[in-house]
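Let me begin by presenting the structure, written as structure tokens, before commenting on it.
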Amino acid sequence: MQKWYAVMVKLRQEKISTALLEQAGIETYYPEVNECFSVKGRRCLRRAGLFPRYFFARFDHDTQYRTVSYCRGVRKIVTFGQAPAEVESGLLDAIRRRLSRQDIIPIPRLTHGEVVRISHGPLAGVEGVFDSCLSGKERVVVLLRTLSYQSRAVVKLSDIERFSEAV
């Protein structure tokens, strides 16, 4: 019986591994997003994996395990204990639907201490203070403001927006 599994690959081997498995008749899904980055002060756009170094493969574990495990670029099939971690097809369908609606939004430059609001994702609507960008990624650190507690959260830069109220 064919089920979806998460597969971990070696660094930058996602596309090679998925192509080889597709040739072997195994369905794969490597979700990609549009990622903004800067080169010499200029904003550029590229496709990047939603889950770097991971993709999903649909196969019969009993008969096709070795084909997937020994595919070029594959490090391992993700397991919990001894059993491979099955992925619900509904989860993958939800990811596909969400990515199909993805829009590219110009991302403003933010400064340390600037008040922002998270506009997308599980923390949507939460206000915080922009702290810093993480190197090499379009992710940022935001200090969340909730009642009397302040904590750090790492979110996608495209998921935050400037907030007009003062701190």
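The values are calculated or read from the model by the stated rules, or taken from the named source; none is laboratory data. Source: prediction; values computed, not measured. Positions of Cβ are backbone-derived with ideal geometry, glycine not excepted, and every protein chain shown enters the neighbour counts. Surface accessibility is based on the protein's heavy atoms, side chains included, excluding ligands, DNA and RNA. Shrake-Rupley method; radii C 1.70, N 1.55, O 1.52, S 1.80 Å.
Using Stokes-Einstein with the Kirkwood hydrodynamic radius over Cα pairs, what translational diffusion coefficient do you get for region 1-52 at 37 °C and a viscosity of 0.692 mPa s, in µm²/s rounded to a whole number?
253 µm²/s
If a paramagnetic tag sat 7 Å from the Cα of Q23 along the Cα-Cβ line, which residues of region 54-81 would have the backbone N under 17 Å from that point?
67-74
Heads up, I need the accessible area for I77: 1.4 angstrom probe, whole protein in place, Å², nearest 10.
Looks like 10 Å² after rounding.
Lys and Arg at +1, Asp and Glu at -1: add these up for the other residues within a Cβ distance under 13 Å of A19 and post the number.
In short, -1.
Using only alpha carbon pairs under 8 Å that are at least six residues apart, calculate the relative contact order of region 1-86 and give it in whole percent.
45 percent
Along each of the three principal axes of the Cα atoms of region 14-89, give the extent in whole Å, ordering the values from largest to smallest.
Here the Cα extents, ordered largest to smallest, are 51, 28, 22 Å.
Under a crude label model (7 Å from the Cα following the beta-carbon direction), how far is V141 from R96 in nanometres?
3.9 nm
Enter the accessible area of T111 (Å², nearest 10), with the probe set to 1.4 Å and all protein chains included.
90 Å²
Please list, or write none, the lysines whose alpha carbon is within less than 26 Å of the alpha carbon of K76, excluding same-chain residues fewer than 8 places away.
Qualifying lysines at Cα under 26 Å: K3, K10, K15, K137.
Counting only the heavy atoms of the protein chains, how much of K10 is accessible to a 1.4 Å probe, in Å² to the nearest 10?
100 Å²
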